[in-house]
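Report on one structure; see the data block that follows.
Taken together, the values in this text are just the output of simple stated rules run on the coordinates, not laboratory data. Nothing here was measured: the structure is a model prediction, and the numbers come from that model. A quick note on method: Cβ atoms are made from the backbone with ideal geometry, for glycine too, and the neighbour counts reach across all protein chains shown.
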Amino acid sequence: MVGKIHVLDELTVEPGLLDQVRQLMAQGYMAGASDRGMTLEQTWLTPPVELFDQPNTLVYLWSVPDAAAWWAMRGAAGRDPSVSEFWTEMDALCVHRKRRFLVTDPLVEEGR
Amino acid sequence: MSRELALVTLVDGADPDQVTELEESVVLGRHLPGTVGGGHYTWDGIDDPVPPGFEDVAHFDLVELELIDGSLGDPGFTGKIKRTLLLQVQTDAHADSVAAFERDLMAMPDHIPAIVNWALSRVIGPATTRWTHCWEQEYYTLDGLKVDYMMSPHHWGLIDGWFDPEMPQQIVDLDLAHVYHDTDRSALAAALD
């Protein structure tokens, strides 16, 4: 049985837009994400200094407790048009965006 | 070779006697609770459609299907759940993405043994339909669908990215018909024969 699921958002941003992206994430997404059961675990910046001539990537690590909570999150986002509108606005600021889902390696847990 | 499938929606306040008569006279799968977006029944094209005398049909969403691929794990399947997903790939989706989406769907049975029989089809008609694909499975139990299929990491961790409005790779419209019903026969055995 899958336990805690991490949701990893990677937002690659042109120089000069980091503050705008951070602000949009804080004001346009975080409260709703919390309402949908997502917990913000960590944020990172890579490379670990703001660049002026090439993109940086902001990384947000979220979690939900299990697969049922994942579907609750997914269902709530699907029913709320403002969520896809948020990502459309965010994508206009990003040169690349990726979302991945991570679990504790089940093969290791199986002893492989 | 193509085949037909329809989702049948009754009018509000349909005459109960007529509904009973309908259910006794033709082979329709009555949708179970949890069904989304697909009306009251699935007609799998293996018997007569709703008879002309039955007037309490609000919508008869007929599609013509052309098989992409499928498999019969149990050609003699005698129940219990048939599930149909009608979906619309967005018109601006890149052909490579559509091909990858179809491949991912068809890999699901490799990861979810509860899927007994399955078929993936393109919707090729009628010209007015909004649907582009039909993804069908048959299961021995309702848990096969609601637990094994829905809770599989292959489903939520990979496949759903094609459907999820939060994912950059989404190509499937949110307007879906996700329907399932009890059955005592395999509609897919006839379709894949």
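If the convex hull of the alpha-carbon atoms of segment B:1-47 is projected onto planes in all directions, what is the mean projected area in square nanometres?
If I average the Cα hull's projected area over directions, I get 4.0 nm².
Can you give me the angle between helix B:16-25 and the longest principal axis of chain B, using Cα atoms only, in degrees from 0 to 90, rounded to the nearest 10?
Helix B:16-25 sits at roughly 70 degrees to that axis.
Quick check: convex hull over the Cα atoms of segment A:60-112, volume per residue in Å³, rounded to an integer?
Expressed per residue, the convex hull around the Cα atoms of segment A:60-112 is 98 Å³.
Determine the equivalent ellipsoid of chain B by diagonalising the alpha-carbon gyration tensor, then write out the semi-axes as square roots of 5 times the eigenvalues, largest first, rounded to whole Å.
One finds semi-axes of 27, 19, 16 Å for chain B.
Between segment B:162-191 and segment B:1-61, what is the separation of their alpha carbon centroids in Å?
After rounding, the separation between the Cα centres reads 18 Å.
For B:Lys80, which aspartates and glutamates qualify as cross-link partners when the Cα separation must be under 20 Å and same-chain residues fewer than eight apart are set aside?
B:Glu23, B:Glu24, B:Asp44, B:Asp47, B:Glu136, B:Glu138, B:Asp143, B:Asp148, B:Asp182, B:Asp184, B:Asp193
Taking the Cα centre as origin and putting +1 on Lys and Arg beta-carbons and -1 on Asp and Glu beta-carbons, what dipole magnitude results for segment B:101-163, to the nearest 20 debye?
For segment B:101-163, the charge dipole is close to 260 debye.
Averaging over all projection directions, find the projected area of the Cα convex hull of the protein assembly as shown and quote it in nm² with one decimal place.
Taking the Cα atoms of the protein assembly as shown, their convex hull projects to 18.8 nm² on average.
Explain nothing, just compute: Karplus ³J(HN,Hα) = 6.51 cos²θ - 1.76 cosθ + 1.60, θ = phi - 60°, for every residue of segment A:72-83 in order, whole Hz, x for Gly and Pro.
Whole-Hz 3J(HN,Hα) from phi for segment A:72-83: 5, 4, 5, x, 5, 5, x, 7, 10, x, 5, 5.
Give me, ordered by chain and number, the residues 5 or more places off B:Gly125 or on other chains with an amide H under 5 Å from its own placed amide H.
Those lying under 5 Å, H to H, from B:Gly125 are B:Glu64.
Given the options A:Ala68, A:Pro81, A:Ala92, identify the residue whose Cα lies farthest towards the positive end of the charge dipole of segment A:53-97 (+1 on Cβ of Lys, Arg; -1 on Cβ of Asp, Glu).
A:Ala68
Restricting to DSSP H runs of at least four residues, report the calculated mean residue ellipticity at 222 nm for chain A, -39500 (n - 2.57) per run over all residues, nearest 500 deg cm²/dmol.
-11500 deg cm²/dmol
Check cross-link reach from A:Lys98 to the lysines: straight Cα distance under 30 Å, and skip same-chain residues fewer than eight apart.
The reachable lysines, counting only those whose Cα sits under 30 Å from A:Lys98, are A:Lys4, B:Lys146.
On average over all directions, what projected area in square nanometres does segment B:53-145 have, based on the convex hull of its Cα atoms?
Seen from a random direction, the Cα hull of segment B:53-145 projects 8.1 nm² on average.
For chain A, what's the relative contact order in percent, using C-alpha pairs closer than 8 Å and at least 6 residues apart?
Relative contact order, chain A: 46 percent.
Evaluate peptide B:160-168: per residue, the Cβ atoms of other protein chains within 10 Å of its Cβ; return the mean as an integer.
Mean inter-chain Cβ contacts per residue within 10 Å come to 6.
Just want the answer: with Cβ charges of +1 for Lys and Arg and -1 for Asp and Glu, which residue in B:Gly157, B:Cys134, B:Thr78 is farthest toward the dipole's positive end in chain B?
Among B:Gly157, B:Cys134, B:Thr78, the one farthest towards the positive end of the dipole of chain B is B:Gly157.
What is segment B:36-170's relative contact order, in percent, from Cα pairs under 8 angstrom and six or more apart in sequence?
Answer for segment B:36-170 is 29 percent.
With everything on Cα atoms, drop me the angle between helix B:95-111 and the longest principal axis of chain B, reported from 0 to 90° to the nearest 10.
For helix B:95-111, the angle is close to 80 degrees.
Given axes a ≥ b ≥ c from the Cα gyration tensor, I'd like to know whether segment A:1-62 is rounded (a/c under 1.5), prolate (a/b larger than b/c) or oblate.
Verdict is oblate for segment A:1-62.
Shielding of A:66-78 by partners, i.e. mean partner chain Cβ atoms within 10 Å per residue?
3
Helix A:18-28: angle to the longest alpha-carbon principal axis of chain A, degrees 0 to 90, nearest 10?
Here the helix axis deviates by roughly 50 degrees.
Add -39500 (n - 2.57) for each DSSP H run of 4 or more in chain B, then divide by its residues: what number comes out at 222 nm, to the nearest 500 deg cm²/dmol?
Per the formula, -5500 deg cm²/dmol.
Roughly how many debye, to the nearest 20, is the charge dipole of segment A:2-112 about its Cα centre, given +1 on each Lys and Arg Cβ, -1 on each Asp and Glu Cβ, and no other charges?
For segment A:2-112, the charge dipole is close to 300 debye.
Semi-axes of chain A's equivalent ellipsoid from the Cα gyration tensor, sqrt of 5 times each eigenvalue, largest first, rounded to whole Å?
Its equivalent ellipsoid spans semi-axes of 26, 19, 10 Å.
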